[in-house]
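The values are calculated or read from the model by the stated rules, or taken from the named source; none is laboratory data. On a predicted model such as this, the values are computed, not experimentally measured, just so you know. Virtual Cβ from ideal backbone geometry, glycine too; neighbours counted across all protein chains shown. When the accessible area is computed, the model is the full protein with side chains, heavy atoms only, and any ligands, DNA or RNA have been set aside. Shrake-Rupley method; radii C 1.70, N 1.55, O 1.52, S 1.80 Å.
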Amino acid sequence: MTHIQPERAIITTPEQLADYVTLTDVEKEGIRQCRAIMPMKITRHYAALLERDNPDDPLRKLVIPSLEELIRYSDDAEVDTHKDEAKYQPVEGIIHRYPGKVLLMFTTACFAHCRFCFRSEKVATTLDGRRLDKAIEYIRNDQSIRDVIFTGGDPMHGNPERLARALSEVRSIPHVEIIRITTRAPIFAPELFTGEMIAMLSRFKPLILITSFIHPRELSDETCSVLDRLSDAGIVLLQQGPILRGLNDDADTLRTMYEKLVQHRTIPYYATWGIVSPGNRHFTLDGESARRLIRQLENTTSGFCIPHLSTLDQNNNKTRTIG
């Protein structure tokens, strides 16, 4: 299988980004100071979607580092949504928090660095070799597991042959009924989805590909074409993304995005709020505001254009679903 190298189209410096936007002094300083925490990383496809002369552009805020990421609070460790993740890792690469399903942390590398990411301070690693074998062996030995979620990072990042081998191993396990892949690859790197890549993915049906759109402008023509071709190949498409303050916390914005996703056969599944980690609180929306936004969508669009609303309950480590 041809290995497309999206890294060749990656922007990591202000000088490279200047071809697409007029950076403010504050943005330049954010890029410089955040380099040690989570350096800027943007694909050229995504950079072309940014508004050149609008520093308040939600897409710019999503990928250009901000000085607000450097702010730390005394209770950061306490409220970090994933502070207890190690308790649910029986082997490296597996997170088994809920009955019947596991997360397979295939890689923590991504095509681009979303500034709201709750794994922003983690070093990118890839699960390979014997470590990947042990993770798959854990799935094989636990017959209660029916749902395996390839996540990260972005599982589509890296060598597609390695992904195909891992998908084949998991699909061969009799008790695994569903495989999911969570990815922003159609948004950041639509060129990855060649006919060969889509044919590879379709071999492992039933396969659910979960996208994470944040704003309707991410639905470029190239990205919409990817969604159409994936759906044509029999891959189920679901949307699961956060509602973020200053990016998409507006009912009209959400409605436009969800309706366009449905046009391209991607069904809104979950909208999340309150996923907190050090450095992302300026994006964090409170539960009442999130519920109000979802209520504003009711009776104004098709029911299947309205996602469930969920968050991770800090008190009992359970996902709570509203609506």
Check: What pairs can you find where one residue is in segment 260-279 and within 21 Å of ARG180 (Cβ to Cβ) and part of a strand (DSSP E or B), the other is modelled with pLDDT under 95 and acidic (Asp, Glu), and their Cβ atoms are less than 8 Å apart, with a gap of 6+ or different chains?
Finding: none
Item checked: Any hit, segment 241-255, residues being farther than 19 Å from SER212 by Cβ and assigned to a helix (DSSP H, G or I) -> yes
Checklist line | Candidate set: segment 214-234, residues that are in a helix (DSSP H, G or I) and among the small types (Gly, Ala, Ser); chosen: the one farthest from ALA271 (Cα to Cα) | finding: SER225
Next item on the list: Read through the list (1) open to solvent by 50 Å² or more (accessible area, probe 1.4 Å); (2) free of Cβ contacts under 8 Å to residues at least 40 places away in the same chain; (3) closer than 23 Å to ILE95 by Cβ, then give the number of the only condition that ARG146 fails.
Entry: (2)
Next item on the list: Report yes if ALA164 is among the aliphatic types (A, V, I, L, M), more than 22 Å from ASP142 (Cβ to Cβ) and touching a residue at least 60 places away in the same chain (Cβ under 8 Å), otherwise no.
Entry: yes
Notebook entry, point to check: Out of curiosity, is GLU218 within 30 Å of ARG60 (Cβ to Cβ), of a type in the set (D, E, K, R), modelled with pLDDT of 95 or more and open to solvent by less than 10 Å² (accessible area, probe 1.4 Å)?
Noted result: yes
Notebook entry, point to check: Does segment 280-313 hold any residues that are in a loop (DSSP other than H, G, I, E, B) and either polar (S, T, N, Q) or open to solvent by less than 70 Å² (accessible area, probe 1.4 Å) (or both), and which are they?
Noted result: ASN280, THR284, LEU285, ASN299, THR300, THR301, SER302, ILE306, PRO307, ASP313
Item checked: In segment 81-131, residue modelled with the lowest pLDDT [restricted to those that are of a type in the set (Gly, Ala, Ser) and farther than 25 Å from GLU191 by Cβ] -> SER120
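Does ILE243 count as under 16 Å from MET156 (Cβ atoms), modelled with pLDDT of 95 or more and open to solvent by less than 40 Å² (accessible area, probe 1.4 Å)?
Details: under 16 Å from MET156 (Cβ atoms): no; modelled with pLDDT of 95 or more: yes; open to solvent by less than 40 Å² (accessible area, probe 1.4 Å): yes.
Spelling it out, it is not the case that ILE243 is under 16 Å from MET156 (Cβ atoms), modelled with pLDDT of 95 or more and open to solvent by less than 40 Å² (accessible area, probe 1.4 Å).
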Margin query: When you check PRO278 against the structure, is it more than 23 Å from THR311 (Cβ to Cβ) and touching an Asp or Glu at 6+ places or on another chain (Cβ under 6 Å), yes or no?
Written below: no
Item checked: Verdict on ILE145 being in a loop (DSSP other than H, G, I, E, B), of a type outside the set (S, T, N, Q), at negative phi and over 18 Å from the mean Cα position of the chain (by Cα) -> yes
Item checked: Residue that is surrounded by the fewest Cβ atoms within 10 Å (Cβ to Cβ) [pool: residues in segment 153-163 that are on the phi < 0 side of the Ramachandran plot and either among the hydrophobic types (A, V, I, L, M, F, W, C) or assigned to a loop (DSSP other than H, G, I, E, B) (or both)] -> ASN159
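Among the helices (runs of 4 or more DSSP H) confined wholly to segment 52-141, which include 1 or more residues that are among the basic types (Lys, Arg), open to solvent by less than 50 Å² (accessible area, probe 1.4 Å) and out of contact with any helix residue (DSSP H, G or I) (no Cβ under 7 Å at 6 or more places or on another chain)?
On the way: elements: 58-63, 76-79, 129-141.
In segment 52-141, the matching helices (runs of 4 or more DSSP H) lie at 58-63.
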Notebook entry, point to check: Just for segment 8-51: of the residues that are outside any helix (DSSP H, G or I) and among the basic types (Lys, Arg), which one is farthest from THR223 (Cα to Cα)?
Noted result: ARG35
Check: Just one of SER212, SER231 is of a type in the set (S, T, N, Q), in contact with a Gly (Cβ under 7 Å, 6 or more places away or on another chain) and closer than 25 Å to GLY158 by Cβ; which is it?
Finding: SER212
Check: Are any of the residues in segment 193-209 surrounded by fewer than 19 Cβ atoms within 10 Å (Cβ to Cβ) and of a type in the set (Asp, Glu)?
Finding: yes
